[in-house]
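Comments concern the structure below.
Read the figures in this text as sums done on the coordinates, not as results from a lab. Just so it is clear, the model here is predicted, and its values are computed rather than measured. Reconstructed Cβ throughout: ideal geometry from the backbone, glycine too, with neighbour counts over all protein chains shown.
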Amino acid sequence: MEELSGKDKQLIRDSWEKLGKNKVPHGIVMFTRLFELDPALLSLFSYKTKCGAVPDCLSSPEFLDHVTKVMVVIDAAVNHLDDLHSLEDFLLNLGKKHHAVGVKTQSFAVVGEALLHMLQCSLGASYTTALRQAWLNMYSVVVSAMTRGWAKNGEHKSN
Ligand code: HEM
């Protein structure tokens, strides 16, 4: 896995801390943006409570649970910036699981756009070009591992 610069790590840690302890409301902003960017993703959240429309989805406990899970993964990445490789196995497996539930790898990039949108909304003037790039660098490490796991699941399925 790639190395992030010291400056990248500092920008990421400081900005993540600025969002406060409860990250779920930020996760909701992120997913609201995700569904604006690609409404078809709603259909992948087929829980007991139907995610037919965005408000139904956002009020479904299972969906909010997924929002929490995503924020926990981002939190883990922020807490392991010095040794992101230690998350490799977890992220490979996460990629496999997303292959199994029908998520396409292109959608991980849309989640990245939604993440940046949420950071911009939450951080206001502290959202700089350098900060955006630092987050992109970290997110691309996460997505690269998830994508490798996703592809492995695909190979396994076609064997
Ligand atoms: C378009 C993007 C995505 C879609 C449609 C999606 C959908 C799903 C679905 C349907 C599940 C299984 C049910 C559930 O646990 O709620 C799941 C599990 C999960 N997702 Fe996502 N997901 C997306 C992106 C992400 C991303 C970017 C992350 C983290 C960075 C993530 C983290 C997780 C975790 C931690 C689980 C639980 C895996 C387990 O059971 O061990 N998801 N996702």
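Here's the list of aspartates and glutamates a cross-link from Lys7 could span, going by alpha-carbon distance under 20 Å and ignoring same-chain residues fewer than 8 apart: Glu17, Asp75, Asp82, Asp83. The convex hull around the C-alpha trace of the stretch 6-158, projected and averaged over every direction, spans 9.0 square nanometres.
So, with +1 on the Cβ of K and R and -1 on the Cβ of D and E, and no other charges, what is the size of the charge dipole of the stretch 26-92 about its Cα centre, to the nearest 20 debye?
Values: 4 positive and 10 negative charges, 84 e Å.
So the dipole magnitude of the stretch 26-92 works out to roughly 400 debye.
Couplings 3J(HN,Hα) for the stretch 129-137, derived from phi with the Karplus relation 6.51 cos²θ - 1.76 cosθ + 1.60 (θ = phi - 60°), are 4, 5, 5, 4, 5, 4, 5, 4, 4 Hz, where x marks Gly and Pro. Cysteines in the chain that lack a partner Cβ within the 4.7 Å cut-off: Cys121. Only DSSP H runs of four or more residues enter the estimate; each adds -39500 (n - 2.57), and after division by the residues of the chain the mean residue ellipticity at 222 nm equals -23500 deg cm²/dmol.
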